[in-house]
C-alpha cells in the first residue's frame, strides 16, 4: 500500500508492505523493518529500530489523521483520501452516533465535557492516564454529548465506553 501523506506540513511518501508477522515500512524511499500491533482500538504498539512507540490514531473525514505518541501530536492528511476511505480509519468512522472508548487500560484523570455539551471534531473529551502518561481522548466528529459514563478517578479497561457523541 502506497500513500502520499502530509505530516506537519511536509508531504511524504509512505509505503507499507506485510512482511511475515510484521511490516516493511518505507518512508521517502528509505525502508526498514517495523513491528506493528494494534493493542486497543486505534492504538498501536510500533517497534522501529529497537525502540518501542505507542501511537494513538484519531481519524476524521477526508483522510485527516491526528497521531499521538508520547507527548507529541502530529496532524496528517492522506493526499488521496479515496485510497484511505475504504479502510478502517476512513471518513466513515466519524458518521452517526460514536461511542468513545478507552484506547488502553488506565485511569480517567479529567472529564472535559458533560451530557448535552456541543463538541467539535478533534475537541478533547476526557483525559486518561496510562503508564504514567496522560492521553487526551478527542471527539471524532462534531455533535452533542449524549452521555458520559466515566468519572474522574475511575479505572477503565481498554475498549470500555467513556462517552457517546451523537
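Rule-based calculations on the coordinates, nothing more; no lab input. Just so we're clear, the structure is a prediction, and the values are computed from it rather than from any experiment. With ideal geometry, Cβ positions are generated from the backbone for all residues, glycine too; neighbour counts draw on all protein chains shown.
Summary table
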read-out	value
FRET efficiency for residue 28 and residue 51, using Cβ-Cβ distance with R0 set to 25 Å, rounded to 0.05	0.80
Förster radius 25 Å - calculated FRET efficiency between residue 117 and residue 154 (Cβ-Cβ, nearest 0.05)	0.85
Computed label-point distance, nm, for sites residue 74 and residue 17 using a 7 Å Cα→Cβ extension	2.1 nm
Label point at residue 97 placed 7 Å out along Cα→Cβ; residues across the range 148-166 whose backbone nitrogen lies under 15 Å	148-149, 161-166
Along principal axes, Cα extents of the range 96-166, largest first, whole Å	30, 18, 17
